[in-house]
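The values are calculated or read from the model by the stated rules, or taken from the named source; none is laboratory data. Since we're looking at a predicted model, the values are computed, not measured. Here the Cβ is made from the backbone with ideal geometry for all residues, glycine too, and neighbour counts use every protein chain on show.
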Amino acid sequence: MAKEVGVQQLLQQVFALTPHLLKFSAARFWVDYDKEADVLYVSFKRPQKATNSKMQENGMLLRYRGKEIVGITVLDASKRRGRPQHVRRLKKVKTAA
């Protein structure tokens, strides 16, 4: 019974995320979460092979290969809770396809 409840909860979470995931401009991406460090990694290329990184004021690290964003690192991820004030306007940048 506990396993079935866990599966149902997982499915509900995936269904809730689906509309947000479909808004990504990248067709493929990978998400990893380090619970101990509370860091969320979003990669648009595997491997990223970033050549440059830029720390944003909001605790997000943008990872670039040339002018293309290949990943985003979110520090203190569990404290974010999707609040839009954590994202400031950035100029348009190309994301990995």
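Can we say Asp38 is among the acidic types (Asp, Glu), within 24 Å of Arg81 (Cβ to Cβ) and in contact with a strand residue (DSSP E or B) (Cβ under 6 Å, 6 or more places away or on another chain)? Considered against the rule, which asks whether it is among the acidic types (Asp, Glu), within 24 Å of Arg81 (Cβ to Cβ) and in contact with a strand residue (DSSP E or B) (Cβ under 6 Å, 6 or more places away or on another chain), Asp38 comes out as no. Figure legend. Inter-residue proximity from the range 13-29: first residues in contact (Cβ under 8 Å) with a residue 24 or more places away in the chain, second residues surrounded by 11 or more Cβ atoms within 10 Å (Cβ to Cβ) and outside any helix (DSSP H, G or I), beta-carbon distance below 6 Å, spacing 6+ or different chains. Indicated pairs: Ser25/Thr95; Ala26/Phe44; Ala26/Thr95; Ala26/Ala96. The number of residues in the range 19-31 that are within 21 Å of Thr73 (Cα to Cα) and exposed (fewer than 10 other Cβ atoms within 10 Å of the Cβ) comes to 4.
Restricted to the range 36-62, and to residues that are closer than 15 Å to Leu75 by Cα and β-branched (Val, Ile, Thr), which residue is surrounded by the most Cβ atoms within 10 Å (Cβ to Cβ)? Give the steps one after another, and end with the answer.
Taking the range 36-62 and keeping what is closer than 15 Å to Leu75 by Cα, we get 36-43, 53-62.
Applying the additional criterion that residues be β-branched (Val, Ile, Thr) yields 39, 42.
Values: Val39: 17, Val42: 19.
The selected residue is Val42.
For beta carbons closer than 6 Å, sequence separation of 6+ or different chains, a first residue in the range 36-47 that is within 17 Å of Val70 (Cβ to Cβ) and at pLDDT below 90 and a second that is of a type outside the set (Lys, Arg) and in a loop (DSSP other than H, G, I, E, B), the qualifying pairs are Lys45/Ala96.
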